[in-house]
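Enquirer: Got a structure for you, questions after.
The values are calculated or read from the model by the stated rules, or taken from the named source; none is laboratory data. Since this is a predicted model, take the numbers as computed values, not measurements. We place every Cβ from the backbone using ideal geometry, glycine too, and count neighbours over all the protein chains shown. Please note that ligands, DNA and RNA were not included when accessible areas were found on the heavy atoms of the full protein model with its side chains. Shrake-Rupley method; radii C 1.70, N 1.55, O 1.52, S 1.80 Å.
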Amino acid sequence: MVLACVTLGLQAKDGVQLRRNQVGCYPGQEKVIVIEGTNPGGKLRITTPDGKVLKAKNVRRAVSPLSGKTRYVVDLGSLATTGDYRLTLGKESCVLHVSEQPYHDIAKSSLRLFYLIRSGIAIEQGGAYNRPLGHPDTHVLVHNSAASTLRPAGTVINSPLGWYDAGDYNKYVVNSAFSIGLMFVAYEQLCDYFASLNTNIPESSNVTPDFLDEMMFNLRWLMTMQDPYDGGVYHKLTTPNFESFIMPTDCKQPRYVVAKSVTATLDFAAVMADAARLFEPYQQDYPGFPAQAAAMAERAFQWAKEHPMAFYRQRELKDPAVTTGEYGDGNASDEFFWAASALWRLTGKQQYLTDAQQYQPQQFTTPSWGSLASLGAFEWLALQKSEVKGEAAQLREIMLRQLLDYCDNAVKGTDQSSFQSPYGNKASDFGWGCLAEHCCCQALLLLYADQMTGTTKYRRYALQNADYLLGRNATGYCFVTGFGDYSPMHPHHRPSAADGIVAPFPGMLVGGPNPGQQDKKDMHNATYPSNVPDESYIDDDESYASNEIAINWNASLVAFLCWLDALRQ
């Protein structure tokens, strides 16, 4: 869905001055835009789909605590009739789209992205993005860091399928398990919605929802990453160094599985336990999988209990050294909590409840690959109150109280903020992957809180984060490729850069503004436009710190936007 916007007198690189959600809004959603620098007074015109001209409801002045810039936050009123509303201020004009299902196309595209980034098969249902098989991973070497008596260094193993992790071509257990686990959170609350969502993938003709089919494609790879002899899980499947910006078929480096880690093993245990439950009704397509996944999950947890300090230390890897994404983490308490919670839910065994209590968090935090306690909390919150009693009921109540405390704090001050959203008001909101971990995941928690309380108290704020993500922000970008009228065209994503197609894969969420600018030293042809936290973004494929894509970030986008799309039901 690409909406027209005319920005006369402005260069495209400068963004638009009428900042609004470029994708669309529900009829009942509040309609707010932000105007850069110019007080609109009574000059802003709103032309309705039937040609009437309206005035804005009210305007407030807001000064950014990050840049000091003055902006004007404009309430457009209800605009409840569906259709396109043209907003005109001076020489600038753009469209606000109001629809009964404004998030459907972008939500579906965010999930379908996982099909486009599949590894080990030819992509034949991707339209312009079709490509031949790359990285079959049928000849993967056991790195000496992963060697054991029964699998010595140099052993060849078979580890196909799975998703490419990010802008690179490697596959990482920690991030893969987290990504599936985060999407499972939304799936469990929206089963009927996902049952009807067709993403046009090779498995669409079977009886299993396309969402679960897509998760299974990655689960099958994850299963190959468990050492069958001891239950530990290899940290990642990788080349020694990142490949150049070339297509998968042109990659020639050898691929290895490297050291087993406690974090990868626990993440594996958690997601396999969840998958064992969720695939139980779909054994017609995946016979025997639930029992196999359950056994693998319990075996992995036992390995982790026996190796609690087996953290991944990439600098210690030699012959060859490895320089790809580390996903290093020196604290496994959150992974233990998630895995123990998921296994208790699967098995009901007292030991897992005891372990979960030992590692339970003290406060709710937005989920990320390195901070997984909230995924453990969702295991308890997904249970009906009537399903638990005693110590389990107490733990569930603690998690609920922590969630609501988080949400109440998150929405404070929104009505005085520069962009009328809970996200984006302090410097700490911005950094590596911020649009996923801080914007989308915060909104997911707000929606979940409504689900838990049976209210719509937090929905308004979640929708405000969608407005921010999709254009009502300091850069003017809709941060999802292929949507809106000003979205990233040059993400740090190898196949998008190397396939000869102008437009990048659609439905990808970029990392977003990152004042750390860790990539600045490596950029040869690009320069960040600003050091201001919410403006420190550049649409250039060299910018891995602000413009990369990643499965965990898209997982947050799927969970958030699919939930918004499900609101129409």
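Enquirer: Rounded to the nearest 500, what is the chain's calculated 222 nm mean residue ellipticity when only DSSP H runs of at least 4 contribute -39500 (n - 2.57) each, over all residues?
Expert: Result for the chain: -10500 deg cm²/dmol, rounded to the nearest 500.
Enquirer: Here's something else I'd like to know. Relative to the longest principal Cα axis of the chain, at what angle does helix 173-189 sit, 0 to 90 degrees, rounded to 10?
Expert: Taking Cα atoms only, the helix is inclined about 60 degrees.
Enquirer: Give the lysines reachable from LYS385 as a straight Cα distance under 22 Å; neighbours fewer than 8 places away on the same chain don't count.
Expert: Output for LYS385: LYS349, LYS457.
Enquirer: Among 555-567, 40-52, 253-265, 322-334, what's the highest-first ranking by average C-beta atoms within 10 angstrom per residue?
Expert: Answer by packing, highest mean first, reads 555-567, 253-265, 322-334, 40-52.
Enquirer: What does the charge dipole of the chain about its Cα centre add up to, to the nearest 20 debye, if the Cβ of each Lys and Arg holds +1 and the Cβ of each Asp and Glu holds -1?
Expert: Roughly 1340 debye for the chain.
Enquirer: Could you tell me the relative contact order of the chain? Use alpha-carbon pairs under 8 Å, at least six residues apart, and round to a whole percent.
Expert: 17
Enquirer: With a 1.4 Å probe and all protein chains left in place, how much accessible area per residue does the stretch 38-196 have, in Å²?
Expert: I get 39 Å² per residue for the stretch 38-196.
Enquirer: Could you name the lysines in cross-link range of LYS236, using Cα to Cα under 17 Å and dropping any fewer than eight places away on the same chain?
Expert: Hits, sequence-local ones excluded: LYS171, LYS260, LYS318.
Enquirer: Now for a separate question. Could you list, in their original order, any pairs among LYS55/LYS91; LYS57/LYS108; LYS31/LYS412; LYS91/LYS520; LYS69/LYS412; LYS108/LYS305 whose Cα atoms are separated by more than 29 Å? Don't jump to the answer; show the numbers that get you there.
Expert: Values: LYS55/LYS91 17 Å; LYS57/LYS108 33 Å; LYS31/LYS412 20 Å; LYS91/LYS520 35 Å; LYS69/LYS412 21 Å; LYS108/LYS305 39 Å.
Listed pairs above 29 Å: LYS57/LYS108; LYS91/LYS520; LYS108/LYS305.
Enquirer: Moving on to the next point. With every protein chain in place, what's the accessible area of ILE398 (1.4 Å probe, Å², nearest 10)?
Expert: In the full protein context, ILE398 sits at about 50 Å².
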